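S.K.: Here it is: the structure, laid out below.
The values are calculated or read from the model by the stated rules, or taken from the named source; none is laboratory data. Just so it is clear, the model here is predicted, and its values are computed rather than measured. Using ideal geometry, Cβ is built from the backbone for each residue, glycine included, and neighbour counts are taken over all protein chains shown.
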């Protein structure tokens with residue numbers, strides 16, 4: 001536990017001093033500001049557009065649902081991309097540079113390093129996600145008034161959970177290959193495979209990648225919690241599996 | 001003799017390349033042990049296996065009586081390690097890194113405070129405030145030495161600590177090693193033979209994955225014996241008379257009145273003295289040439 005706390009403190013310091021935390025917070029805050037704002041102005045921009053043949057586009061008044069649609073869309077694309085770029089070097093850069101060698105020879109167990117890195121990355125990602133969500137929520141209330149959510153945790157934590165999966169995958173990739181290419185490659189393979197698998201409707205409910213785009217179906221009542229449960233369970237299982245594999249691989253890795 | 005490190009029959013291959021082929025050695029407590037070898041001889045591999053960073057294929061290693069296991073760090077509490085190119089977190093300052101290292105090693109805050117101060121003074125970084133990212137190579141090497149010693153290890157393992165440094169930097173590192181030898185056993189790999197001669201009391205030569213020479217520096221030199229005799233004569237005439245009695249292939253002229261006679265054993269040296277007596281020449285000086293660590297090394301890896 002001592003080694004875990006020592007390494008977590010080092011990771012937090014690194015996140016702060018290498019501007020990892022600031023970059024993530026700024027990008028995620030922007031997502032939070034842009035989502036309701038885009039939802040608000042999009043009808044004004046697009047309404048009245050001539051679609052050709054005298055057909056004029058008429059859009060309905062935006063609602064809070066449009067704000068959350070934008071939120072899920074922004075977070076699953078720009079937000080995830082920022083998060084991936086910020087954390088891609090989590091294991092990879094330490095292994096390629098050799099900065100872990102003095103640490104490991106001081107007695108910090110290898111498994112502790114993996115768990116501490118995942119823990120701190122989780123804290124930062126959660127913080128960034130929370131900042132984004134709180135800003136979006138505040139503006140959504142400001143523009144459209146308070147709203148009741150039936151299943152707020154499941155509704156809004158789904159993209160966060162996919163972010164956690166990406167973190168675990170990047171740690172695994174970095175541990176396996178010891179460079180950024182490994183971290184990014186593993187995530188790319190999973191994302192591409194996930195999107196290809198989505199073409200099969202019978203597999204879609206089990207595909208964690210679908211969670212990245214959010215659980216809008218819970219907001220508009222078109223889906224129930226049970227519809228997302230298999231994908232959430234598989235996502236959690238995949239995170240745990242990635243971490244276990246990372247520890248096993250790292251323990252056997254010749255440094 | 002109390003050994004802090006013992007290696008028995010250690011083998012290691014990387015693919016088809018057999019890097020270590022059954023090396024065995026023992027490092028007595030309190031010694032400064034030079035681990036010599038050409039580049040690629042297997043020095044770093046051996047050190048990393050001792051630290052549990054690499055897995056040996058066969059053989060056993062004991063540090064302070066405890067068996068080393070790959071991937072485990074328990075025996076590392078006895079060890080301090082300075083890699084050949086130490087890498088640190090560039091955003092930290094030296095004192096901060098030592099605090100982190102001390103915490104990782106399980107020291108208390110007061111111990112860390114005290115040790116950091118002592119070690120930063122020892123390595124000459126006591127007044128340096130800048131971040132490690134702005135350190136020179138020599139400064140990083142000295143900080144590496146401090147972090148390796150923060151937990152007062154019984155054994156300090158240094159992988160070519162002086163190879164990439166300028167003469168001043170090298171001298172500083174050797175001075176530090178000399179300063180800690182009273183409390184810490186030092187094992188350091190190098191291919192700078194002069195460094196071994198200056199501070200080591202024992203040495204092993206690793207060649208093509210095998211230990212080809214091992215022992216105290218005094219024993220190693222005595223084992224090889226003299227490499228020749230250096231003679232200084234009173235006149236050129238004496239030198240000429242002497243040279244007429246010795247085969248040209250054994251003679252190396254140094255000046256008009258001095259010469260080195262290459263010998264391979266003590267019997268030949270007796271013959272040279274006999275020749276002097278026969279020719280009734282009394283040289284001004286006669287000196288046996290001791291082998292240098294360089295000549296021992298070259299002989300061992302031939």
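S.K.: Going through region A:60-106 one residue at a time, which ones are more than 14 Å from every other protein chain (Cβ to nearest Cβ) and part of a loop (DSSP other than H, G, I, E, B)?
M.R.: Within region A:60-106, A:60, A:61, A:62, A:63, A:88 qualify.
S.K.: Can you tell me how many residues in region A:185-241 are farther than 15 Å from residue A:166 by Cα and assigned to a helix (DSSP H, G or I)?
M.R.: The qualifying residues number 16.
S.K.: Hey, among the residues in region B:132-172 that are touching a strand residue (DSSP E or B) at 6+ places or on another chain (Cβ under 8 Å) and modelled with pLDDT under 85, which one's nearest to the other protein chains (Cβ to nearest Cβ)?
M.R.: For region B:132-172, the residue satisfying everything is B:163.
S.K.: Within region A:218-233, can one find any residue that is under 30 Å from residue A:4 (Cα atoms), touching a residue at least 40 places away in the same chain (Cβ under 8 Å) and more than 14 Å from every other protein chain (Cβ to nearest Cβ)?
M.R.: Yes, because at least one residue in region A:218-233 is under 30 Å from residue A:4 (Cα atoms), touching a residue at least 40 places away in the same chain (Cβ under 8 Å) and more than 14 Å from every other protein chain (Cβ to nearest Cβ).
Residues are listed down the side, and each one gets a yes or a no for (1) within 18 Å of the chain's Cα centre (by Cα); (2) over 23 Å from residue B:99 (Cβ atoms); (3) free of Cβ contacts under 8 Å to residues at least 60 places away in the same chain:
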{"site": "B:128", "(1), (2), (3)": "no, no, yes"}
{"site": "B:136", "(1), (2), (3)": "no, no, yes"}
{"site": "B:141", "(1), (2), (3)": "yes, no, yes"}
{"site": "B:185", "(1), (2), (3)": "yes, yes, no"}
{"site": "B:188", "(1), (2), (3)": "yes, yes, no"}
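S.K.: Still on this structure, please answer the following. Within region B:233-252, work out how many residues are at pLDDT 85 or above and in contact with a helix residue (DSSP H, G or I) (Cβ under 9 Å, 6 or more places away or on another chain).
M.R.: Matching residues across region B:233-252 total 2.
S.K.: Checking the structure you have, find out if any residue of region B:20-39 is in contact with a strand residue (DSSP E or B) (Cβ under 9 Å, 6 or more places away or on another chain), under 27 Å from residue B:106 (Cα atoms) and free of Cβ contacts under 8 Å to residues at least 24 places away in the same chain.
M.R.: no
Conditions (1) touching a helix residue (DSSP H, G or I) at 6+ places or on another chain (Cβ under 6 Å); (2) more than 10 Å from chain A (Cβ to nearest Cβ), marked per residue:
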residue: B:22; (1), (2): no, yes
residue: B:26; (1), (2): no, yes
residue: B:37; (1), (2): yes, yes
residue: B:67; (1), (2): no, yes
residue: B:70; (1), (2): no, no
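S.K.: Any chance you could count how many residues in region A:1-47 are within 14 Å of chain B (Cβ to nearest Cβ), part of a helix (DSSP H, G or I) and modelled with pLDDT of 90 or more?
M.R.: Residues flagged as within 14 Å of chain B (Cβ to nearest Cβ), part of a helix (DSSP H, G or I) and modelled with pLDDT of 90 or more within region A:1-47 amount to 17.
S.K.: Right, next: How about region B:229-302: which helices (runs of 4 or more DSSP H) wholly inside it have at least 3 residues that are under 30 Å from residue B:217 (Cα atoms)?
M.R.: B:266-278, B:293-301
S.K.: Any residue at all in region B:44-62 that's outside any helix (DSSP H, G or I), more than 9 Å from chain A (Cβ to nearest Cβ), touching a helix residue (DSSP H, G or I) at 6+ places or on another chain (Cβ under 6 Å) and touching a residue at least 24 places away in the same chain (Cβ under 8 Å)?
M.R.: yes
S.K.: Can you tell me which residues in region A:108-152 are in a loop (DSSP other than H, G, I, E, B) and either more than 11 Å from chain B (Cβ to nearest Cβ) or farther than 20 Å from residue A:175 by Cβ (or both)?
M.R.: Correct list: A:145, A:146, A:147, A:148, A:149, A:150, A:151.
S.K.: Within region B:77-101, how many residues turn out to be in a helix (DSSP H, G or I), within 18 Å of residue B:180 (Cα to Cα) and either more than 7 Å from chain A (Cβ to nearest Cβ) or at pLDDT 95 or above (or both)?
M.R.: Adding up the residues that qualify gives 2.
S.K.: Considering only residues that are buried (at least 23 other Cβ atoms within 10 Å of the Cβ) and over 18 Å from the mean Cα position of the chain (by Cα), which ones fall in region A:113-131?
M.R.: A:113, A:114
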